[in-house]
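Data first, discussion second: the structure below is written as C-alpha cells.
The values are calculated or read from the model by the stated rules, or taken from the named source; none is laboratory data. Computed from a predicted structure; not experimentally measured. When we count neighbours, we look across all protein chains shown, and the Cβ atoms used for this are built from the backbone with ideal geometry, even at glycine. These area figures cover heavy atoms from the full protein model, side chains too; ligands, DNA and RNA do not enter into them. Shrake-Rupley method; radii C 1.70, N 1.55, O 1.52, S 1.80 Å.
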Amino acid sequence: SAIDLSGLIDLDMNNPDAALVSFNKALEIRGRLLGPDDPLIASCFNNIALSYTEMGELEEAYHTHEKAISIRLRTNSDRIGNSYSNMSSLLLRMGKPDEAERMLKKCPSLKDFTDETFLKTGNPRFSGDMVLLSRIRLAQGSLDDAMRLASKALTFRQRLLGNRLKTCDSLYDVSNLLHKQGQVSSAM
C-alpha cells in the first residue's frame, strides 16, 4: 500500500514514469500475496493505466484499464464506476467522444441521474463525471450542452469545495466555453 501510495504521489506530481515503476512494484507484491481477482489487483491495474495515459501511451492504457474493468466486473466491485469513468476519460483523450459517452453511461451511480439530483448530492465524485460529460459534449460539437454541464459542475464545486483546485479547473472550463461562444469579456 505504501508503494502504491508513493506512485499516486508521483502521478499527482506529474511524474508518471516514476509512478509506473511504483505501481508495477505494488502489482508484483500484491500478485504474490493475493488472488488474481482481488480488488487491490484491479486497483493496481487502474493506477498503471492512469500512468500510461499521462505518458501518452494510450493503447497500453486502454488494455490495462480493460484488465481492471474485467476484474471489477467478475467480482461485482463497487469501484466499477471508477473504472468506467477512467476509461471514458481515456477514450475522450483518444478522440473517441461517442465511445467515451457510452462508457461513462455504464457507471451504476449515474443511472437515472438527472442534473437536479446531481446538484443535491454531496458527492464530489459526481462533479468530476459531470465535467467529463461536458468535455465529451464539447468534443461532439454540442457547445450549449457542454456549457450547461460545465456551469452546473462549477456551481456544485463552488458550493461544496469553495476556492479549491477543482473549482479553479471548472472555472477554466466555463471560461474556455464562454470564449468559444464569442463571449470574450465574460470569459475574461
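A compact table of results
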{"quantity": "Members of segment 150-182 that are in a helix (DSSP H, G or I) and without any contact (Cβ under 8 Å) to a residue 24 or more places away in the chain", "calculated": "Ser151, Leu154, Gln158, Arg159, Leu165, Thr167, Cys168, Leu171, Tyr172, Ser175, Asn176, His179"}
{"quantity": "Which numbered condition Asp37 fails, given (1) open to solvent by 40 Å² or more (accessible area, probe 1.4 Å); (2) under 23 Å from Asp78 (Cβ atoms); (3) assigned to a helix (DSSP H, G or I)", "calculated": "(3)"}
{"quantity": "Leading residue by the ranking (farthest from Thr53 (Cα to Cα)) among those in segment 2-36 that are over 21 Å from the mean Cα position of the chain (by Cα) and modelled with pLDDT under 95", "calculated": "Gly35"}
{"quantity": "Unmet criterion (only one of (1) of a type in the set (S, T, N, Q); (2) in a helix (DSSP H, G or I); (3) more than 20 Å from Ser83 (Cα to Cα)) for Asn14", "calculated": "(2)"}
{"quantity": "Selection count, segment 131-165, where residues are surrounded by 19 or more Cβ atoms within 10 Å (Cβ to Cβ) and basic (Lys, Arg)", "calculated": "4"}
{"quantity": "Ser77 vs. criteria open to solvent by less than 50 Å² (accessible area, probe 1.4 Å), in contact (Cβ under 8 Å) with a residue 24 or more places away in the chain, out of contact with any strand residue (DSSP E or B) (no Cβ under 7 Å at 6 or more places or on another chain) and not in a helix (DSSP H, G or I)", "calculated": "yes"}
